[in-house]
Amino acid sequence: MHLEKGKLYIVNDHDFTKSEHLKSDLKKHFGKYIFLNFPDENSLKVYSYYEKMKNRSIKEVKREISLIIGEDFELEDAEYSEKVMVVSYLLLQENTALVVHTAGMSWHSIDCFKERFIKIAAFLDRIVIVYNNK
């Protein structure tokens, strides 16, 4: 899979067969990458990362995201999806590539995530891979 910085990619995989191939590609071509919310012990979990953040920094991150995407960050009735976006943004600042599993997100939230992170990936010159197994 050829990946370019500043882009968002979508991987549809119903049985996780592509995840191992994706991990080896990222390891070979990019120094720092991370998997978020995958069902394995090597993946960072949204709740554990989010709980370590302080309220003040969460508000600052939401404000930064709003400035980049050019709209209000808040999602109605989607507290978990907001957490995924906040954690994803912070991880993307530290890593060249971020692979986000969409487990627990509604279709509307997934669409919002994709729309927003197309802009964020371009702004930060990073790679975002939205991994969907629905």
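The values are calculated or read from the model by the stated rules, or taken from the named source; none is laboratory data. What you are looking at is a predicted structure, and each value in this text was computed from that prediction instead of being measured. Using ideal geometry, Cβ is built from the backbone for each residue, glycine included, and neighbour counts are taken over all protein chains shown.
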#### Entry: Selection status of ILE127, at pLDDT 90 or above, of a type in the set (Val, Ile, Thr) and out of contact with any strand residue (DSSP E or B) (no Cβ under 6 Å at 6 or more places or on another chain)
no
### Task
Might you let me know whether the range 54-75 holds any residue that is under 19 Å from ILE10 (Cα atoms) and either of a type in the set (S, T, N, Q) or modelled with pLDDT under 90 (or both)?
no
#### Entry: Failed item in (1) surrounded by 14 or more Cβ atoms within 10 Å (Cβ to Cβ); (2) within 18 Å of LEU3 (Cβ to Cβ), with ASP125 passing the rest
(1)
### Message
Which condition from (1) without any contact (Cβ under 8 Å) to a residue 40 or more places away in the chain; (2) closer than 21 Å to MET85 by Cα is the one that PHE35 breaks?
### Response
(1)
### Query
Of all the helices (runs of 4 or more DSSP H) wholly in the range 1-118, which have at least 3 residues that are of a type in the set (A, V, I, L, M), surrounded by fewer than 18 Cβ atoms within 10 Å (Cβ to Cβ) and in contact with a strand residue (DSSP E or B) (Cβ under 6 Å, 6 or more places away or on another chain)?
none
### Message
Being small (Gly, Ala, Ser) and at pLDDT 90 or above is the requirement here; does GLY31 meet it?
### Response
no
